[in-house]
Each structure stands twice: as structure tokens, then as C-alpha cells.
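Encoded as C-alpha cells, the structure appears first; notes follow it.
Coordinate-derived values only; no laboratory data. Here the structure is a predicted model, which is why all the values come from computation and not from measurement. Cβ coordinates were reconstructed from backbone atoms using ideal geometry, including for glycine residues, and neighbour counts include every protein chain displayed.
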Amino acid sequence: MRTVAIHAVPEEQLTHVTFDATMEERISELLTHYPTRRAALLPVLWLCQERYGWIAPGVIEAVAARLGESPAFVQGVVTFYTMFYTSPPARYVLQVCKTLSCAVCGGRELLEHLKARLGIDLGERTQDGTFQLIGVQCLGACGSAPVIQINDDYYENLTIEQLDALVDELSQGKEA
Amino acid sequence: MPKVTIDGTVVEVPAGTNLIEAARQAGVAIPYFCYHPYLSIVGQCRICMVEIEGAPRLAIACATPVTDGMVVRSETSARVKEARDAVMEFLLANHPLDCPVCDQAGECLLQDHSFTEGRDTTHMVETRRTFPGLERRLLGPHIVQNQNRCIHCSRCIRFTQEISETAALTYKSRGNHAFIDTFDGQPFTDPFSACTADVCPVGALTIREFRFRKRAWKLRSTPSVCPGCSIGCNLWIDHHERTVYRFTPRENPAVNATWLCDFGRFLAESLNETHCLHPLHRVEGQLHRVSWGEAMRALALDVSAARTLRVVASANLSNETLFLARELFVRHLKGELVVPVHPGEPRRMKNGKGEWLYSRDAHPNSEGARRLGLELVDGERLARFLYGAADLTVILDPTAHPYLSTAEALQLLRVSPTLSLARTNHPTAEVASWLLPVASLASDEGTFTSSGGHVQRFQPAFSPAGEARPAWQILQLLARAMGVSALDLDSPAAVFAAMATKEKGFSGLEWERLGGGSPSTYREHQHVG
Ligand code: SF4
Ligand code: FES
Ligand code: FES
């Protein structure tokens, strides 16, 4: 399994966003699946997050213009969902499940270990911009607790040793 | 039409009416926060729950249309009381309860309901959640936000989405942390921004210009019409001790629903400008104070002696004043009269049906002047009208047209004797030989005809400042002094009655039925706020 690193486009480059041909094509395609443009807002935002790494205000304006909504409305939606990044994320976002099953199966220890090893607290990121640590609610994989999601991938039944190996790999710049 | 029984009272209402409005007609006040008669229904706050016979669960009145034979219990149901108490407890869990220092106090739906129904204790022992930084924040030029007080009704958001169509406001974040904001925190510059404070049921959004200037319960409200443009939005002049504090919208589905644009709303302050308080006469270059009696006697002679008489009227004057001016100066004295008009900024307003009304006319009564057959002129034709000498020039409103304050106009007016009505400091005062103090809209009475053709009445809030008099009355006094008894009509109502018999544009209209309502205190109309 390869976890793809996030490459967040810096904010300076996202002040006036115009969608290139590929983006435009994918948005147009998405729109064919929905009865209204508004209904396509979430998938279009996901597309943007995939493309730019996060949802900058300039991206919000471009999406709003494309879908005929106000930037305020789009920003309201973006801030409602915790999984849209409103600031540039680290290359690997470690999302540690904090809900019951994981907690009783060692999730808490994983979290404490990560905090100690990376020297950061929940919500923080390492200085080199490689890791960011956030706590999340049940990832729907309780059967293989404890679970950590890194970017878009799940890592299940994790032990501290496996986690260390993973972090080593990722921090060496190799994509796991 | 369906018949419903609400707390024992039977009412018949049009199909589609919701239970809040049906109950209003039955004399039952169902509380509500998120419901607003001119916004979409979202059913968010749950305070309007009622019991419907035959339905297992309580229903929200705002989103329940009447059906024939429905039996509804609001105040008479213990279940309803219990449910509303619970809603209130949740709404108040994080509310700061800072009514004593909140400017909304006295016109706050939350306070009203809390006061009548709420209990005076709370189970909440935890620290209330607050929004540091959003507690006294200037959201835009006119709106101050205190997010701690917000009850998340979304009225303000819906207003910008559905009425002003800027969709400039939104919730950011969610749940307990949700707060009202603009895109990226940019200034909230909606041209109807202050309406969001009107619709905000609590003190979360208040109007910067009005904050802490007067407690709501001290204000008296007088029905009037906006002087800002030809659309003619209905409003209340809110005043106390002969000072105007604000304009608030007065409901009229055909014109402005319950809205006012910021431009018109903030003209309120200008009504307090009264600089000219006594009749003045210029003798050897100096203005001297004279009594109304002296002024009228002298003017009656001057006016009758004038062989060439020209009158600059104004589309800011009431139909009654314009009618008297036409009868006296044109019909009786054979003078010439023009009504200058200038386009002004484009304005628009949304009526109760959701249609935009547009205006490119900065005057409230151009249509009235037109219907009275008066000659409407632009600045250029006004300049030509004033060119050359006349025995007497009468200016009924120096603010009728910006041209009147130009050096060129003053030069032309200097040539011959000029009588001017005046309220505020205006350059024409430097050249006029007579200045008569005239009342502001707040102390005048009469009608304006809107560009949509509505003849709308405005009422006097308080008597004029100093010795000023309303324009219609000045003309009446002049007519009396000149012995023109047909025009010695002692009230705008009497002038209107004369107009209604003579003028096509007014026939069939009755003064008493022209709306305007009766002067009331704020409470009686705040239901739309
Ligand atoms: S600010 Fe006022 S109108 Fe807006 S959601 Fe809060 S309580 Fe409702
Ligand atoms: S509790 Fe962690 S995945 Fe469900
Ligand atoms: S008024 Fe009915 S739910 Fe708010």
C-alpha cells in the first residue's frame, strides 16, 4: 500500500484560482451526476482538496463562482466539515481514532506514543512539515481496532512497533 | 376556507396559512424565533410547538399549515408548556443573559418569551461557551455583532440569501461553536445590512448608529414614508422627546414587506437638523427676525404685487403642499411653477411577493407632482427657468435640486427678490430676502405618491422645532393673508379632500383609509422584527 503525501499548494499561489482544463473537465463531469449545481458542492470541494491539498479562500471563491453560490455559503460548508483542511496540512496527517473500540484496544497508547515520539500535541504539526496529529471519531473499522488513518489510507490492528516502522518509513521521504 | 380551533377560538383562514398566523388571528400569540413572515420556514428553534388533536407528537406551528377542523392547543396544553420550557432551557444554556446591558432589551423575542413563560432558575452550572473576539465586533459599517447572544435562528443568513440576495452571511463551524460570519471575515457591506439587525430576534446583531442611544421602550413610533427615493417604503419614525432616533420598517407587502435599504434608513438622523427656527426678513443686507404675522402681511402684498412670479417647487413636498402651491401660485396668481427632479443613485427594494422595485429618482413624490399636472424639469431647464429677472422668486424647498446650491444659481437668484422656505443651512439663505422656517418630515403630515402609484400617508411625530411650520400650512397662511378663502384649508386632510374632488389622480381616495395606521408604541409592530 502506498500512502500518497499531501502537497499543499502555498496560499500565495491560490489567491486567484482558475481551474485548468483537467479540473474543469472533472467538475463538468461531476455536475452531470447531480440535479443542481449546489448538490455537487461537496464532491467539487473534495476534488479541490485533492488537487490543491487544502481549501484556501481563493479556492472557495473559484468554487463559488463555478457553482453559482456565494463565497460565504461555500465557506460555511467548508468549515462545517472537519475533514476539509482550511490551512495547509502537513504531508502526512495522522488521524488517530479516539472512540471506544480503538481506545480500549490500545489506541490511547498509540496516541501517547506518537505525541512523545513526534514531540507534538493533538492538532499540531512537526516543524519540518512532515507530520500532523489529529484525533478523530470512529473510523468505522472497529473490528480491526486500533486504527489510524494517514491521509486517505487506513492502518489497522496497529502495534506500537508497526507504528514506529511506519513513521520511520514516512519520515525518510519514502511513500509507504 | 379551512376552519381551525386554537385554544378554543375558532378562526377561518385561507388554505396554506400556517398555525402561527392563524393563531395570531385567533388572538393567540404562539412564540417563535426562527420564523419570519417574509423569510423561508426552516423550523430550527422549536419554540413554536403546539399540540394538535389526533396527532401523537407535538408539531411546530410555523411549518404546519391549517387543515379544516384542526383543533390546536398552545397555551392550554401542559405538554406544550413543558416542551417549550425545555427549548428555552437549551436556548438559554449558553446565552449570556446580559439584558441589562443589551441594547435589544425591550424588543427582544427571547427576552419577551423568557419573561412571560420562562422560569427564573437554570440547571446550567457549567461555564457558558463564549466567542472571544466576536463579542463587540463591527461586522460591517452598520452592524455590531455579539455572537454570545446568538440563538442560531439563521434569520440573518436567510435574509441575505433570500431578500438582499448577496448571501453574504453564513454559519462558520458547527454545533456549539457555530457563529455568524462573512466570507473570510470581510466587511458586511450589503446595501440592506441593517435589516439583519431588524430580523435578529435577539441582541446578537444590533445597529451601530442606534446602539445605546435610546432604550426601545422609551421610543414612540409614528407611521411615515421614506423620503429617500420614489419607491416610497413604509416606515416608523421612532422618536423620543422631539428627537428622531431611527427609522424602522413598517410592514407593507406591496412596497417594502418589512425592509428598508441602509440609505433610506439612515436618513432618519437628518430629520433632526433644524437650523432655521424663525421667519427672517432681509433689510439692507441684514436678516432680521420677524413674526409670522408680520411676514405674512408683508408677503401677501409682495406676492400680489409681483407681475412676474416664478415658483420652484419640489418633488420632496407632499401632494397637499404641491396642490396648494399650484392653486395659489399658478391658478390664482398666474405665476409659473416648476418641479425640479434629479435622478440620484439607483435604488431598489423587494416587496412582499419577492419582486424587486427599482427607482432612479431621488424624490419621494415626483409621481404626485406629475399627477397634479405640474411641470417636471431637470437641472438644465431649472437653470433656464431661473434665468432673467422676475418680480418674485419663491423657493419651496432649497434641497429640491443640487443645482440650487451652485454659485450660478445663487448669482441668478441675487438678481430679484427671493422668498425661500428653509430648514437646514443652505446657500440660498445668503441671497434670499425672506426665509420662512419649515418643518421636517417628522413634523409634517400629508401624502406622497410612490412611483408604483400608491398614495401613502405620513403623520407628524411631534410639533415643529422653534416657530417652524409645515410647508402646507405656510401656503395656507399665505392664502389666508391674501384673502384667498378657497385655499384657507386648515389641515392636510381638508386639502386632500379638496384634491380628491378635483383631481383625477386622487379621486375616490379617502384620507382616513390611506393607511399610515395609528401612532403606536414599538410593541405593537415589533412582531415582524
Ligand atoms: S445573529 Fe441573530 S439572526 Fe443571526 S442566527 Fe444569531 S440570533 Fe439568529
Ligand atoms: S472506534 Fe476506532 S474505528 Fe471505530
Ligand atoms: S418558529 Fe417554528 S421552529 Fe422556530
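Observations on the structure shown:
- Neighbouring partner chain Cβ atoms per residue of B:165-175, average, 10 Å criterion: 5
- Look at the Cα gyration tensor of segment A:84-146: its axes a ≥ b ≥ c give a/c of at least 1.5 with a/b at or below b/c, and that counts as oblate.
- Per-residue mean of foreign Cβ neighbours for A:57-67 is 1 (Cβ atoms of other chains, 10 Å radius).
- Spatially, segment B:354-429 and segment B:197-221 are offset by 36 Å when compared through their Cα centroids.
- The listed peptides A:44-51, B:438-445, B:84-91, ordered by packing as a protection proxy, come out as B:438-445, A:44-51, B:84-91 (highest mean of other Cβ atoms within 10 Å first).
- Average other protein chain Cβ within 10 Å of Cβ, residues A:72-83: 6
- Relative contact order of segment A:98-163, defined on C-alpha pairs under 8 angstrom at six or more residues apart (%): 33
- Cross-link check: pairs A:98/B:81; B:334/B:502; B:3/B:353; B:81/B:214 evaluated at a Cα-Cα cut-off of 30 Å; pairs beyond the cut-off: A:98/B:81; B:81/B:214.
- Dipole in debye (nearest 20) - the protein assembly as shown, about Cα centre, beta carbon charges: Lys, Arg +1; Asp, Glu -1: 1700
- Computed over chain B, relative contact order equals 12 percent, with contacts defined as Cα pairs under 8 Å that lie 6+ residues apart.
- Shape category assigned to segment A:11-80 from the gyration tensor of Cα positions, a/c cut at 1.5: oblate
- Separation between Cα centres of segment B:85-131 and segment B:224-248, rounded to whole Å: 31
- Packing rank of B:142-150, B:375-383, B:464-472, where each peptide gets the mean count of other beta carbons within 10 Å, highest leading: B:142-150, B:464-472, B:375-383
- Here's the list of aspartates and glutamates a cross-link from residue B:350 could span, going by alpha-carbon distance under 18 Å and ignoring same-chain residues fewer than 8 apart: B:162, B:165, B:190, B:198, B:251, B:262, B:361.
- Ranked by how many other beta carbons lie within 10 Å on average, peptides B:202-214, B:47-59 from highest: B:202-214, B:47-59
- Tensor-based shape of segment B:340-487 (alpha-carbon gyration tensor, a/c under 1.5 rounded, otherwise prolate or oblate): oblate
- Isolated Cys residues of chain B, judged by Cβ distance under 4.7 Å to other cysteines: B:48, B:62, B:99, B:102, B:108, B:150, B:156, B:195, B:200, B:229, B:261, B:276
- Segment A:11-80 - percent relative contact order, Cα under 8 Å, separation 6 or more: 35
- Inter-centroid distance (Cα atoms) of segment B:456-498 relative to segment A:30-88, Å: 62
- For the protein assembly as shown, the alpha-carbon coordinates run over 111, 63, 47 Å along the three principal axes, in decreasing order.
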